[in-house]
Amino acid sequence: MATFTPLQAKNDHSGQETIVYIYRPSTMANVMYSPDLYINDEYRVSIKSGANHHFTLEPGVYSFKLERDDKIFGNSLNPETLHAGSFYYYRIDTTLKITDSSRYQPYQREFTLSAVDELLARQQIAECCLKKEVNADKSDEINKIKTDSEFSVDKTQNPFSR
């Protein structure tokens, strides 16, 4: 099983940093939708299913908000004071509901941002949200093996010819 190790906050002459992790476990509900994350009303990133992002922030008061529009509902967290040298973990959960299928109402998609305990968050990130990187040098070898093993008419013989 993969393990997740958080980054270490820098401690230099300007003060310590705060590290915030925001992750979204893989689920089939709303898999094609990626809510936008705003920190202090500034767009930061779209959070895809099965992804985690970290942000290095100066200590201070921050508000976290997920996008809201007529098709997707998101929530905001109350402004929170982030302390120097600390780690904060937030999970994005999603739900998909149908209110009235007989009237062809659109789906109700909802994304919820909530604070998570560090131990639980590290376990969940390790299970769902670690990206495997492919070495660029190895990708050509993988493609070559794949193409060599694929079926091709050029590799066949006419069974009636001698």
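Where does the charge balance sit around Ala121 when Lys and Arg score +1, Asp and Glu -1, over other residues with C-beta under 15 Å from its C-beta?
With Lys, Arg at +1 and Asp, Glu at -1, the net is -1.
Can you tell me which of 16-28, 85-97 comes out highest on packing, and rank the rest after it, using the mean Cβ neighbours within 10 Å?
Order by mean packing, descending: 16-28, 85-97.
For every other residue with a beta carbon closer than 12 angstrom to the beta carbon of Leu82, add +1 if it is Lys or Arg and -1 if Asp or Glu, then tell me the sum.
It works out to a net charge of -3.
Throughout, read-outs are computed from the coordinates displayed, never taken from laboratory work. Source: prediction; values computed, not measured. All Cβ positions, glycine included, derive from the backbone under ideal geometry; neighbour counts span all protein chains shown.
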